[in-house]
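Read the figures in this text as sums done on the coordinates, not as results from a lab. Computed from a predicted structure; not experimentally measured. FYI the Cβ positions are ideal-geometry reconstructions off the backbone, even for glycines, and counts take in every protein chain you see.
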Amino acid sequence: MKIVSVDRRQFIKVTSLSGAGLMIGILLPGIKSFAQNTPDCEFFQPNAFLRIDKKGDVTIFVARQEMGQGVNTSLPIIVADEMDADWKKVKVEIAPYGTLPEGSHDTGGSQSILLDYTQLRKAGAIAKAMLIAAAAAKWKIKPEQCAADNGSVVNTINMLTIPYAELVCEAAALPVPAEVSLKSPKDFKLIGKEQKKSNLKDILTGKAKYGIDIKIPGMVYASVERCPVLGGKLISVDDTEAKKVAGFIKLVTYEGTGSPMQVRPGVAVVATNYWSAMEARKLLKIKWDEGSKNKESTEQLFKNFEARATSAPAFEKYKKGDISKLKITSLNSIISNYSAPFLAHATMEPINFIAEVKGDKCELWGGLQLPDWTVGEIIKQFGFKKENIKVNLALIGGGFGRRLHFEFAIETINIAKQLDKPVKMICDRTDDIRFDNFRPANYHRMQASWDTNGKLQSWDHHLQTTSIAITHDPATKDPSENLGGAMEDFYYDVPNVHTGYTHQDFNITRGWLRSVEICVNVFPIECFVDEVALKLKKDPYQFRLSMLEGREMFKVGEGPGAMKQYPQRIADVLKLAAEKIGYDQPRMKNHFIGLATHSFIFAKSYAAHAIEIEILAPKKFRIKRVVAAIDCGLVINPDGLRNQMEGGIAFALQQALKGEITIQNSRVAEDGFSTYELLTYEEMPPVEIYTINSTEEPGGVGEVGLPTVAPALCNALAAAGYRPRTLPIRKEGFQWVV
Amino acid sequence: MASYSITVNNKKFTVDADPAMPLLWVLRDILDLTGTKYGCGVNDCGACTVLINGSARRSCQIAIASCVEQQITTVEGLSEDLTHPIQKAWEKVGVPQCGYCQSGQMMVLAGLLNKNKKPTEQQVNEVMSANLCRCGTYHRIRQAVHLAIEEINSTN
Ligand code: FES
Ligand code: FES
């Protein structure tokens, strides 16, 4: 078994910057750990991904973490299709941690289908080949004279069939073939067909167990007071009153630790139940030394961004042509600044984790999007041997990148180390919001100039953020966050392009949030291109197409990690969205349409949005319709795709309209859903999702539905005579009604 | 600490708890009925919604002491086999993404339909808008709500 090893830091970079392109190349993982021929022939398990038992039930093990994005359905579809399983007999389980090569469980960057498509097909094909070989031996014919269909092997000579269930014993005794051939896509039976979520019934009957629902015998509960300022220290804690709460067991403290995951010093109340732990925590009297960085505010941060915007960027990211040679005046150019705030994940399942430490052994339960990195850091920090750490991965109640970070796992081990029982740490909603790893605040200075024919001649983008990479590694050489069109991936055909990046220090933990920098950068790019079009009195739709259509694919980056940018596919989704919303049709009075398009380059998917609004009064509007168009190559599960795109619209509208984390005195001001408001049922506009029919390799979809929503909305407002440049737009006084 | 006997999903339980302990934590931590979810604990999200005597109530806001002699229904009590019309509608539409908020979503609708089988669009909006879904399944929740209302009115 050969595993392409990927340096952990590289993965971080890959996840945040360029997708996990380098992760491809993991070969089909081990077989030898599975007893091929159990004495009573209970099951046949040719590899870590699937097992068939004597009843014919097929269990498919999903390595990637399910958190709502649907991998617990899309990935099994791929396996089941290739092995011609009967979908009704398929059961899905979380692949136990440790049964697969490193990296197999990593879940982020919309990479699951992209990374696993081929190896899951192989896993299914191997099973099928062995079942066929077993049947052929029984019938004394050649394997080539057999076929597989819906959970049975078919004898193509006499058309007799044997169900897989009856071949379990014989198949398990056969050697696993080194090579198998894969189906031709035209023979797919499950791929491309609608399937409901594999755990739908469990969810709807309350049986689905998320991390927060897991109970270990003897388990106790912890609620943690964390230092309000990052980098502070605990001076003292008085638990006299807290101790009186019924159920109180113990007070535990631990120190803060730094990168990659910043753990704040904590004071944990441990109790027999979570409510008692919360109640007792309220009665603690704690003194913190807040350190010297306790006066920072987002208000000041944005002033710093503004002040820095006109100077040269700290990092030059991309240069094409030479802008300095052009004649740029106030007559042939415009400059605009765009910005967006810190954002929280706010998953519905508040952050929680379970740990038990027994001597030199440690067992963990909970959701982790990067369990290998987590385990690696736990080894470094606590000194456990790798083989002494047992990880039990759990269903996640909303991920969006939150559990790529794992400071909560370290916190929970810090507590468990001081107990002789398993402990479940739960963040209350305020903790969950305040101690998140926030998507960076960002600020963009955009400048464009045009020639005498009204053609763009230059594009200049200076991006500033509070870098994520620096949170994880302060010594990082290049902390920039320019994907999404703010580097050489800029997709419009403009002869002179310059982009750069500047990081601004800020004392708050940053992290990856669904669509990360692609969302950050597509917003100003898609608004600004629209702004230029309107300034030139051109139609923003045609203006975009004129710089996309017919443009050849170009590479972004070099070597095996290079990505491909296809401007034509970016144009095609835009055209589909425009057509479906009726962009060329006459509009009703006070109705306006805005468009935006992009490529989610490392997920190999493309999406555009078209949004129609109605203006009701100055700065007051209603969203009438949202149309999304996506090209993600071959679609595995159309139902899952639509669900992601619909949800992406809600997620992105929250960011466009009202989502904002503000910092005062280095503390997060928002403390829950009443201050960090989510989109609501009645605020959800009518949505329509359209898909480009494609046979290209399947791309990711979890994040692709977000980046063009905010710019499409802002461009609709611009069509009505406004030009919002600050997210959320309510900061500029916009109001929306349902 | 005191002893309370409560009825959940037609079964009687006796629990020892602090009188102020919210029903949510009694269900989850003591009775192991984890289908009822913790989302905020402060009346902001609706993830913890259960039925008390048929009315939708937020279990994080109700002390166990006030639950005695009440009929409590959790998502586990809607039906175990997806036969309740609301579950059926949710299944048919394929509403959930992560699924975490969905028991609260179904329970709040159950409470509304217990009171009023033919709610107006405005009544539905008002009730459903108080329950949050971070995954943004609202488009499907809306379809499922209408399907459930149709179903409930056609079978009776
Ligand atoms: S947990 Fe009860 S309303 Fe949020
Ligand atoms: S389905 Fe995830 S929060 Fe509603």
Residue pairs, from the table A:Lys580/A:Lys624; A:Lys196/A:Lys604; A:Lys361/A:Lys417; A:Lys250/A:Lys282, whose Cα atoms sit over 22 Å apart = A:Lys196/A:Lys604
remark   = In terms of the charge dipole of chain A, which places +1 on Lys and Arg and -1 on Asp and Glu at the beta carbon, the residue among A:Met219, A:Leu284, A:Ile141 farthest towards the positive end is A:Leu284
query = Using the Karplus equation 6.51 cos²θ - 1.76 cosθ + 1.60 (θ = phi - 60°), what ³J(HN,Hα) coupling, rounded to whole Hz, does each residue of the range A:567-577 give in order, writing x for Gly and Pro?
reply = x, 5, 5, 5, 5, 5, 5, 4, 5, 5, 5
message = Taking 2.2 N^0.38 Å as the expected size of a compact globular protein, what ratio does the Cα radius of gyration of the range B:2-74 give against it, to two decimals?
response = 0.96
task = Give me a single rounded figure for A:474-483: the average over its residues of other chain Cβ atoms within 10 Å of their Cβ.
result = 0
key: 25 Å Cα-Cα threshold exceeded, pairs from A:Lys201/B:Lys37; A:Lys197/B:Lys117; A:Lys55/A:Lys390; A:Lys89/B:Lys37; A:Lys320/A:Lys555; B:Lys92/B:Lys118   = A:Lys197/B:Lys117; A:Lys55/A:Lys390; A:Lys89/B:Lys37
request  = With unit charges on the beta carbon (Lys/Arg positive, Asp/Glu negative), name the residue among A:His498, A:Val520, A:Thr466 whose Cα is farthest towards the positive pole of the charge dipole of the protein assembly as shown.
outcome  = A:His498
note = One point scatterer per Cα, no solvent, Debye formula: log10 I(q)/I(0) for the range B:85-154 at q = 0.12, 0.16, 0.26, 0.27 Å⁻¹ comes out as -0.25, -0.46, -1.28, -1.38
query = Say we join alpha carbon atoms closer than 10 Å with springs in a Gaussian network model of chain B; which of B:Thr83, B:Thr137, B:Thr73 then has the biggest fluctuation?
reply = B:Thr83
message = At a 10 Å Cβ-Cβ cut-off, how would you order A:Ser694, A:Ser330, B:Ser103, fewest neighbours first?
response = A:Ser330, A:Ser694, B:Ser103
key: Size of charge dipole - the range A:592-692 - debye, nearest 20, with Cβ of Lys, Arg +1 and Asp, Glu -1, no other charges   = 240
ask   = Given labels modelled 7 Å from the Cα in the Cβ direction, how far is it in nm from A:Asp505 to A:Lys477?
value = 2.3
remark   = In the protein assembly as shown the DSSP beta bridges are antiparallel at a rate, in percent to nearest 5, of 75
task = Pull out the extension gain between A:Ala617 and A:Lys386, defined as 0.36 nm times the separation in residues minus the alpha carbon to alpha carbon distance; nm, one decimal.
result = 76.9 nm
P(r) histogram, all alpha-carbon pairs of the protein assembly as shown included - 20 Å bins from 0, percent = 14, 46, 34, 6, 0
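For a footprinting-style exposure proxy, rank A:His462, A:His598 by other Cβ within 10 Å, fewest first. Please report the intermediate quantities before stating the final value.
Numbers: A:His462 25, A:His598 30.
Exposure proxy ranking, most exposed first: A:His462, A:His598.
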note = Shielding of B:127-133 by other chains, given as the mean Cβ count within 10 Å, works out to 5
task = Among A:Asp372, A:Asp478, rank each residue by its count of other Cβ atoms within 10 Å, from fewest to most, as a rough exposure measure.
result = A:Asp478, A:Asp372
note = Given backbone amide H placed at 1.01 Å from N, residues whose amide H is under 5 Å from that of A:Gln457, ignoring those fewer than 5 places away on the same chain, are A:Ser449, A:Trp450, A:Asp451
Convex hull of Cα atoms in the range A:349-458, direction-averaged projection (nm²) = 10.5
message = Given points 7 Å out from each Cα along the Cα-Cβ axis, report the A:Lys207 to A:Glu255 separation in nanometres with one decimal.
response = 4.9
inquiry  = Test of understanding: what is the full-extension gain from A:Lys358 to A:Lys455, defined as 0.36 nm times their sequence separation minus their Cα-Cα distance?
reply    = 28.0 nm
Phi-based couplings in Hz for the range A:202-208 (Karplus 6.51, -1.76, 1.60; Gly and Pro marked x) = 4, 5, 7, 10, x, 8, 4
query = What number, in percent, do you get for the relative contact order of chain A if the mean sequence gap of Cα pairs under 8 Å and at least 6 apart is divided by its residue count?
reply = 14
key: ³J(HN,Hα), Karplus 6.51/-1.76/1.60, whole Hz, each residue of the range A:528-541, x for Gly, Pro   = 5, 5, 5, 4, 5, 4, 5, 4, 8, 6, 10, 6, x, 5
message = Which cysteines in chain A lack any other cysteine whose Cβ sits under 4.7 Å from their own Cβ?
response = A:Cys146, A:Cys227, A:Cys362, A:Cys427, A:Cys519, A:Cys527, A:Cys632, A:Cys714
task = Enumerate the residues in the range B:31-52 having an amide nitrogen under 16 Å from the point lying 7 Å beyond the Cα of B:Glu80 toward its Cβ.
result = B:32-35
ask   = If r is the Cβ-Cβ distance from A:Asn304 to A:Val737 and R0 is 51 Å, what FRET efficiency results, to the nearest 0.05?
value = 0.90
key: About the Cα centre, charge dipole magnitude for the range B:2-74 (Lys/Arg +1, Asp/Glu -1 at Cβ), debye   = 220
